[in-house]
Amino acid sequence: MIWATVLISSLGCFLLKYAGMAMPDAWLSSPRVQRIANLMPVALLSALVIAQTFGVGQTLVLDARAAGVAVAIVVLLLRAPFPVVVVAAAATSALLHRL
Amino acid sequence: MNQEVELPDNERRRITRDGVSLAFTVGLYGTAFGAAASSSGLSPWQALALSALLFSGASQFAVVGVGVITSWPLAVTAITGALLLGTRNALYGLRMAPILQVRGLRRVAAAQITIDESTGVAISQEHLGLPAMRHGFWVTGLGVYVFWNSFTLLGALGADALGDPAQFGLDAAVPAAFLGLLWPRLKGRTPWAVGMAAAITVLILLPHAPVGVPVITSALAAVIAGWKNGGAK
């Protein structure tokens, strides 16, 4: 199951990249398609942040992850580079797990 | 943009340096992906396969972000999320095609390394002409490929050796990673509105809908906002 998921998503994502490079630009260059494709990562990443911060299966919970993400926001506001953000969140959560 | 001007050696070296240092920084983050993959039950080889074959950070996190894949609905959720996040690479390909002008195997290779970073570095060399843009694309794309895959394996093996992922805060590292990817895209009113709408969608649907459905549904926020802005520009 995991291998099938890995291979199917890889093939699909490759075909998306290849299509852009091989396709005549009439369809993809429509401004509407461009706008939607630009906003798609914003929608999905926002959704994933919430689902991964508060979700456990089908329930919403408030645990160490939320504290980690809160610290990540502070660190992002301080313009820290990406790896620092991830490590700060992980360290916060790890600390809370140990208390 | 059509000029085939010679690329001076000093500019070539600068582009190489910029591309490689960006590639290394981004590649480091592969460690976080490898660790997240491991905590979602992927073997180090499966994590490496995603980095080598899928090779697009946000899509890869979407696959491992659904948790341990034990049923087909979860698999479909993972695949759909990865594909939706991968749609922007098609637009990058469209942008790069006339610059690279490649066919056959070189086009396959170019397509595989068409990601945020390679396209970004290429486009920022526009004032120097096509050879500079091509050089930026290949150096950055191949550099990220090498570092990203190496650090993925390192992260996956490391996390496997460490044991319980929550103990090391990896449970918070995944949403923080998504947030880090999201942050630079939140520029202007429309992205903020789309982000908030998506977040609220998940909060409302998560307790009621099957796992994965809330995240996929949030894609509608992008479709609606992108559709409606029609008259603006």
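The values are calculated or read from the model by the stated rules, or taken from the named source; none is laboratory data. Please read all numbers here as calculations on a predicted model, not as lab measurements. For neighbour counting, all protein chains shown are included, and Cβ atoms are generated from backbone atoms with ideal geometry for every residue, glycine included.
Observations on the structure shown:
- Residues considered: B:Ala32, B:Ala37, B:Ala49. Of these, the only one that is more than 21 Å from B:Ile99 (Cβ to Cβ), at pLDDT below 90 and part of a helix (DSSP H, G or I) is B:Ala32.
- Residues of region B:207-233 that are in a loop (DSSP other than H, G, I, E, B) and either in the same structural domain as B:Asp116 (by TED's automatic domain parsing) or touching a Ser or Thr at 6+ places or on another chain (Cβ under 6 Å) (or both): B:Gly212, B:Ser218.
- Test: residue in region B:65-75 that is of a type in the set (S, T, N, Q), in a helix (DSSP H, G or I) and either touching a residue at least 24 places away in the same chain (Cβ under 8 Å) or more than 26 Å from B:Ser150 (Cβ to Cβ) (or both): no
- Region A:24-52, residues that are surrounded by fewer than 14 Cβ atoms within 10 Å (Cβ to Cβ) and among the polar types (S, T, N, Q): A:Ser29, A:Ser30
- Scanning region B:79-107 for residues that are of a type in the set (A, V, I, L, M), over 15 Å from the mean Cα position of the chain (by Cα) and facing chain A (nearest Cβ under 7 Å) turns up B:Leu94, B:Met96, B:Ala97.
- Scanning region A:53-98 for residues that are at the interface with chain B (Cβ under 7 Å from one of its Cβ atoms), outside any helix (DSSP H, G or I) and crowded, with 16+ Cβ neighbours inside 10 Å yields a count of 1.
- Counting only helices (runs of 4 or more DSSP H) that sit wholly inside region B:126-206, those with at least 3 residues that are in contact with a Gly (Cβ under 8 Å, 6 or more places away or on another chain) and within 10 Å of chain A (Cβ to nearest Cβ) are B:170-182.
- The listed residue being more than 18 Å from A:Gln52 (Cβ to Cβ), under 17 Å from the mean Cα position of the chain (by Cα) and surrounded by 24 or more Cβ atoms within 10 Å (Cβ to Cβ), out of B:Ala122, B:Ala62: B:Ala122
- Residue match in region B:6-18 (condition: of a type outside the set (D, E, K, R), in contact with a helix residue (DSSP H, G or I) (Cβ under 6 Å, 6 or more places away or on another chain), in a helix (DSSP H, G or I) and surrounded by 15 or more Cβ atoms within 10 Å (Cβ to Cβ)): yes
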